Amino acid sequence: MPAPITGDAFSACLDDSHHAFREVCARFTREEIAPHAEAWEEAETFPRELYRKAAQAGVLGPGLPEEYGGGGGDLFHMLVSTEELLHGGSTGVVVGLGSLEIAL
């Protein structure tokens, strides 16, 4: 698993809310994506139920305004989320969950 982005320029942009959100995303990835990623990739499927679970965990649309269905964070919340979700081993799942941002 690759290490998180830690360069001085990136780290300087993160505050406590970003670090806390990173932990939320990492936990969701460990529990809900990583155990199933290989099977989903092999089956070329995306479990729609994962949207509900991601919403309950608070990892959908992290950089979009709440009034539009997003998480109310900023660009760095979005970057942290994407980085952590990719650790689950399925680019397809990350793209699937990111489709909410396209829709919004």
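A few points about this structure:
- Subset of the stretch 59-78 [in a helix (DSSP H, G or I) and over 16 Å from Asp16 (Cβ atoms)]: Glu66, Glu67, Tyr68, Leu75, Met78
- Taking the numbered list (1) within 15 Å of the chain's Cα centre (by Cα); (2) at negative phi in turn, Asp16 passes all entries but (1).
- Neighbours by Cβ (under 8 Å, 6+ apart or cross-chain): first from the stretch 89-100, touching a residue at least 24 places away in the same chain (Cβ under 8 Å) and crowded, with 20+ Cβ neighbours inside 10 Å; second part of a helix (DSSP H, G or I) and hydroxyl-bearing (Ser, Thr, Tyr): Leu97/Tyr51
- Residue that is surrounded by the fewest Cβ atoms within 10 Å (Cβ to Cβ) [pool: residues in the stretch 46-88 that are touching a residue at least 24 places away in the same chain (Cβ under 8 Å) and of a type in the set (Ser, Thr, Tyr)]: Tyr68
- Every listed requirement among (1) assigned to a loop (DSSP other than H, G, I, E, B); (2) within 19 Å of Ala20 (Cβ to Cβ) is met by Glu84 save one, (1).
- Answer residue from the stretch 26-49, given it is of a type outside the set (D, E, K, R) and touching a His at 6+ places or on another chain (Cβ under 9 Å) and is nearest to His77 (Cα to Cα) among those: Ala26
Throughout, read-outs are computed from the coordinates displayed, never taken from laboratory work. Here the structure is a predicted model, which means the values were calculated and not measured. Heads up, the Cβs are rebuilt from the backbone with ideal geometry, glycines too, and the neighbour counts pull from every protein chain shown.
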